[in-house]
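Peer 1: One structure is given below, represented as structure tokens, and several questions about it will come after.
Taken together, the values in this text are just the output of simple stated rules run on the coordinates, not laboratory data. Since the structure is predicted, the reported quantities are computational estimates derived from the model, not experimental observations. Note: ideal-geometry Cβ built from the backbone for every residue, glycine included; neighbour counts use all protein chains shown.
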Amino acid sequence: MTRRGTTYRGRFAPSPTGTLHFGSLIAALASYCDARAAGGAWLVRIEDVDEPRSSDQATSAILATLEAYGFEWDGEVVRQSRRGALYDEALERLVAQGEAFACTCTRRELEAGRLGPGGERVYPGTCRDGIASEREARAWRLRVTDEAIAFRDRLQGWHEQRLEREIGDFIIRRADGLFAYQLAVVVDDAAQGITHVVRGADLLASTPRQIWLQRRLGLTTPSYLHHPVAILASGEKLSKQTGAAPLPIDPLPTLLQAWSFLGQREPPARPASVGEFWSWAHRMWTPSDLPPVTMLPSPR
Ligand code: GLU
Ligand code: ZN
């Protein structure tokens with residue numbers, strides 16, 4: 001699908017912990033339109049690295065819904081649950097570089113840490129200089145410094161975080177042995193040659209950690225656009241956890257709703273089909289019309 005001369009590679013990366021809902025449709029639509037408007041490729045990656053929370057049933061349901069809604073992705077769907085070897089390799093490299101370390105802290109010990117500005121517990125650095133031999137290594141963390149990690153988001157503008165102060169050395173492999181989202185997403189975006197990340201603003205606070213990881217692993221940093229996310233009257237993000245309804249069978253009204261949620265110009269007449277909607281959407285996609293974010297990034 002890539003037009004000659006363009007190198008844009010975007011992706012949609014749902015976690016299969018439930019079916020698609022309006023919130024995830026927005027992320028799918030924004031990333032798809034942004035890729036196609038640029039003549040780029042659009043990939044689908046199933047983020048089932050958190051295997052206990054993921055299911056094959058949800059994966060199949062997500063792909064079936066994407067198809068029913070007229071999304072056409074490029075290449076094979078990639079599943080994080082099959083990519084452990086890549087994550088292992090990255091972890092080994094970080095350990096060899098002396099940047100990843102084993103952490104023996106229990107949940108209870110960590111709860112004593114102070115809260116950072118984003119509402120996340122800041123890791124106080126307890127294990128960064130080595131652990132007592134009788135204590136059991138639980139998670140793996142990546143060492144950070146206090147230098148400012150900054151990037152310019154295509155919609156949100158300049159964003160900067162000082163990881164040591166705001167986050168602390170963060171987890172790249174969890175105590176239960178599963179690789180952390182932050183590590184998997186960075187390894188996969190690089191392995192898939194992603195040039196443009198378009199995703200919800202709830203992930204804005206994760207981006208500096210991902211940039212930090214990219215630098216440690218010698219990977220290039222893609223361009224980022226964090227779009228507004230659907231929030232409930234309670235202020236919570238619309239998600240499976242907050243009881244978002246599955247998407248209706250009839251795609252067109254919901255696609256139009258998602259399109260207008262993203263501040264995009266209404267088609268002059270109601271599209272006659274899903275295909276007609278997409279050809280309008282790919283032509284008319286205007287990222288500068290995206291509304292500003294009305295929510296604070298939530299911790300993850
Ligand atoms: N899997 C993540 C989610 O569903 C998205 C990750 C990303 O786009 O970087 O929230
Ligand atoms: Zn520790």
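Peer 1: Quick check: residue separation of Ala150 and Ala64 times 0.36 nm, minus the Cα distance between them. What number comes out in nm? Intermediate results must be reported in sequence, preceding the final value.
Peer 2: Values: separation 86, 0.36 × 86 = 30.96 nm, distance 3.77 nm.
Full extension of this stretch gives 27.2 nm more.
Peer 1: Tell me, what HN-Hα J-couplings in whole Hz come from the Karplus equation 6.51 cos²θ - 1.76 cosθ + 1.60 at θ = phi - 60° for each residue of the range 238-255, using x for Gly and Pro?
Peer 2: Per-residue couplings from phi come out as 5, 7, 4, 5, 9, x, 4, 6, x, 5, x, 4, 7, x, 4, x, 6, 4 Hz.
Peer 1: Next question. Step through the residues of the range 106-111 one at a time and calculate ³J(HN,Hα) from phi using the Karplus curve (6.51 cos²θ - 1.76 cosθ + 1.60, θ = phi - 60°), rounding each to whole Hz and writing x for Gly and Pro.
Peer 2: Whole-Hz 3J(HN,Hα) from phi for the range 106-111: 8, 3, 4, 4, 5, 5.
Peer 1: In addition: How long is the gain from Glu160 to Arg283 if the chain were fully straight, where each residue apart is worth 0.36 nm and the alpha carbon distance is subtracted?
Peer 2: On the way: separation 123, 0.36 × 123 = 44.28 nm, distance 3.28 nm.
Roughly 41.0 nm would be gained on extension.
Peer 1: Taking amide H positions as placed 1.01 Å from N in the peptide plane, with prolines and chain starts having none, which residues 5 or more places from Ser223, or on another chain, fall under 5 Å of its amide H?
Peer 2: Under 5 Å from the amide H of Ser223 lie the amide H atoms of His196, Val197, each far enough along the sequence or on another chain.
Peer 1: Further question: Under 5 Å between amide H atoms, partner at least 5 residues away or on a different chain: which partners does Ile131 have, H built in plane at 1.01 Å?
Peer 2: Under 5 Å from the amide H of Ile131 lies no amide H from a residue far enough along the sequence or on another chain.
Peer 1: As I understand it, the value is the acute angle between the Cα axis of helix 207-216 and the longest principal axis of the Cα atoms of the chain; what does it come to in degrees, rounded to 10?
Peer 2: 60 degrees
Peer 1: Moving on. What share of Cα pairs, in percent, lie more than 21 angstrom apart in the range 114-209?
Peer 2: On the way: 1857 of 4560 pairs.
Every Cα pair in the range 114-209 considered, those over 21 Å come to 41 percent.
Peer 1: For the chain, build the convex hull from the C-alpha positions and give me its volume per residue in Å³. Each step should come with its number before you reach the end.
Peer 2: Working: hull volume 41.8 nm³, N = 300.
With only Cα atoms used, the chain gives 139 Å³ per residue.
Peer 1: What's log10 of I(q)/I(0) for the range 160-300 at q = 0.09, 0.10, 0.12, 0.18 Å⁻¹, Debye sum over Cα points only, no solvent?
Peer 2: These q points yield log10 I(q)/I(0) values of -0.38, -0.47, -0.66, -1.20.
Peer 1: Using modelled amide H (1.01 Å from N, peptide plane; none on Pro or chain starts), what sits under 5 Å from the amide H of Gly116, excluding residues fewer than 5 places away?
Peer 2: Placed amide hydrogens put Arg121, Val122 under 5 Å from Gly116.
Peer 1: Continuing with this model, one more query. Magnitude of the Cβ-charge dipole of the chain, K/R +1 and D/E -1, about the Cα centre, nearest 20 debye? Kindly include the intermediate steps, with their values, before the conclusion.
Peer 2: On the way: 36 positive and 36 negative charges, 77 e Å.
The calculation lands at about 360 debye.
Peer 1: Residues with beta-carbon under 14 Å from that of Gly84, excluding Gly84: net charge, scoring Lys, Arg +1 and Asp, Glu -1?
Peer 2: Details: positive: Arg79, Arg82, Arg83, Arg173, Arg174; negative: Glu47, Asp48, Asp50, Glu51, Asp88, Glu89, Glu92, Asp176, Asp188.
Around Gly84, the surrounding residues sum to -4.
Peer 1: Same structure, new question: Let me spell out the model: positive unit charges on the Cβ of Lys and Arg, negative unit charges on the Cβ of Asp and Glu, origin at the Cα centre of the range 45-158. What dipole size does that give, in debye rounded to 20? Kindly include the intermediate steps, with their values, before the conclusion.
Peer 2: Working: 17 positive and 22 negative charges, 92 e Å.
Charge dipole of the range 45-158: 440 debye, to the nearest 20.
Peer 1: So what J values fall out for the range 224-229 if you push phi through Karplus, 6.51 cos²θ - 1.76 cosθ + 1.60 with θ = phi - 60°, rounded to Hz, Gly and Pro as x?
Peer 2: For the range 224-229, the Karplus-derived couplings read 10, 9, 9, 7, x, 10 Hz, x marking Gly and Pro.
Peer 1: Additional query: What value in Å³ per residue do you get for the convex hull of the alpha-carbon atoms in the range 123-162?
Peer 2: Numbers: hull volume 3.6 nm³, N = 40.
So the per-residue Cα hull volume is 89 Å³.
Peer 1: Connecting C-alpha atoms closer than 10 Å in a GNM of the chain, tell me which of Ala272, Ala244, Ala230 has the biggest fluctuation.
Peer 2: Highest fluctuation among the options: Ala272.
Peer 1: Another question, if that's okay. Per the Kirkwood definition applied to all pairs of different Cα atoms, how many angstroms is the hydrodynamic radius of the range 50-174?
Peer 2: Details: mean 1/r = 0.0563 Å⁻¹.
Radius from the Kirkwood sum: 17.8 Å.
Peer 1: Here's a follow-up. Count the net charge of all other residues whose Cβ sits under 15 Å from the Cβ of Met284, scoring Lys and Arg as +1 and Asp and Glu as -1.
Peer 2: On the way: positive: Arg36, Arg265, Arg270, Arg283; negative: Asp34, Glu266, Glu276, Asp289.
Summing Lys and Arg as +1 and Asp and Glu as -1 gives 0.
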